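J.: Handing you this structure, nothing more for now.
Bear in mind these aren't lab numbers, they're just calculated from the coordinates by the rules spelled out. Since this is a predicted model, take the numbers as computed values, not measurements. Here the Cβ is made from the backbone with ideal geometry for all residues, glycine too, and neighbour counts use every protein chain on show.
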Amino acid sequence: MISGRGPEASSSPQGLRSAGTVGRVTERCDGCGFEWDAIDRAEVAPGVVRCTSAIAQRLRTVGASAAVRTEGLGWSALEYAAHVRDVLLNVRDRIIQTLIEDDPQYAMIWRDERVDRGLYAGDAVDEVADEVAIAGRLFARTFDRIDPDLLTRTGVYAFPEPRPRTVLWIAAQALHECEHHLADIDERIVGPR
Ligand SMILES: [Zn+2]
């Protein structure tokens, strides 16, 4: 993926590859292999909690060095953790909108702009560790309370290309963000975890 940018930066079709038989195309993240349609409802909440807890643990283990950017790798581990936090809060609200509105207009995440405008500057590692774990638990709790009949409601989601997506797909994308960026954070953290 592109250094210093979130996964939506790879929102072009090049960010995906297709697999499967003709007529049944499986969307798969080219960076981490995540397959949105392979995710079952029961996997989402535990997966989000597991990943965000792991991100928090990584930050606490390495401390202040999580805020240091590595040459050539763009965002620091801390910036990725803050991004995951904000994505989870944003997507949680998108899901709530989709449960209620018939043609939801989603608030943009503005992933790069948040960093470029200095909104993450000076974030404390321990605080972001707490926040990403809380965001994960909030997301999981809300998602687990959704009536199964509502998981097929749809909204047009911009990533990886504008297309109507179900609530379950959108939740799977939240899990994808967590998994994808846990790997980004691991790539940036050197030493014991
Ligand atoms: Zn991925």
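J.: Got a sec to turn the phi values of the range 88-95 into Karplus ³J(HN,Hα) couplings, 6.51 cos²θ - 1.76 cosθ + 1.60 with θ = phi - 60°, whole Hz, x for Gly and Pro?
T.: Computed from phi, the couplings for the range 88-95 are 5, 5, 5, 5, 4, 5, 4, 5 Hz.
J.: Then there's this: Using the 10 angstrom Cβ neighbour count as an exposure proxy, how do Asp130, Asp116, Asp184, Asp149 rank, fewest first?
T.: Arranged by neighbour count, lowest to highest, Asp130, Asp116, Asp184, Asp149 become Asp149, Asp116, Asp130, Asp184.
J.: Here's another thing I want to ask about it. Sort out for me the Cα centre separation of the range 129-184 from the range 47-124, rounded to whole Å.
T.: 13 Å
J.: To continue, here is another question. Would you calculate, for the chain, the mean residue ellipticity at 222 nm contributed by helices, counting each DSSP H stretch of 4 or more residues as -39,500 (n - 2.57) and dividing by all residues, to the nearest 500?
T.: For the chain, the value works out to -16500 deg cm²/dmol.
J.: Please give the helix 41-62 orientation as an angle from the longest Cα principal axis of the chain, in degrees from 0 to 90, rounded to the nearest 10.
T.: Helix 41-62 and the main axis of the chain meet at about 10 degrees.
J.: Hey, if you put +1 on the Cβ of every Lys and Arg and -1 on every Asp and Glu Cβ in the range 7-188, which of Trp110, Val91, Leu175 ends up farthest toward the positive end of that dipole?
T.: Highest projection toward the positive end goes to Leu175.
J.: Out of residues 5 or more away from Arg165 or on other chains, whose amide H comes under 5 Å of its own, with H placed 1.01 Å from N in the peptide plane?
T.: The list, which skips near neighbours in sequence, is Gly155, Val156, Tyr157.
J.: Tell me, what HN-Hα J-couplings in whole Hz come from the Karplus equation 6.51 cos²θ - 1.76 cosθ + 1.60 at θ = phi - 60° for each residue of the range 99-110, using x for Gly and Pro?
T.: Result, rounded to whole Hz: 5, 10, 8, 7, 9, x, 9, 7, 5, 5, 7, 6.
J.: Read phi for every residue in the range 174-182 and hand back ³J(HN,Hα) as whole Hz from Karplus 6.51 cos²θ - 1.76 cosθ + 1.60, θ = phi - 60°, with x for Gly and Pro.
T.: Running phi through 6.51 cos²θ - 1.76 cosθ + 1.60 with θ = phi - 60° gives 4, 4, 4, 4, 5, 5, 4, 7, 4 Hz.
J.: Here is a further query. Taking the Cα centre of the chain as origin, work out the dipole magnitude from +1 charges on Lys and Arg Cβ and -1 charges on Asp and Glu Cβ, in debye rounded to 20.
T.: For the chain, the charge dipole is close to 260 debye.
J.: To continue, here is another question. Per the chain: cysteines with no other Cys C-beta under 4.7 angstrom?
T.: Cys29, Cys32
J.: With a/c under 1.5 counting as rounded, go ahead and sort the range 21-67 into rounded, prolate or oblate using the C-alpha gyration tensor (a ≥ b ≥ c being the square roots of the eigenvalues; past the cut-off, prolate if a/b is larger than b/c, else oblate).
T.: oblate
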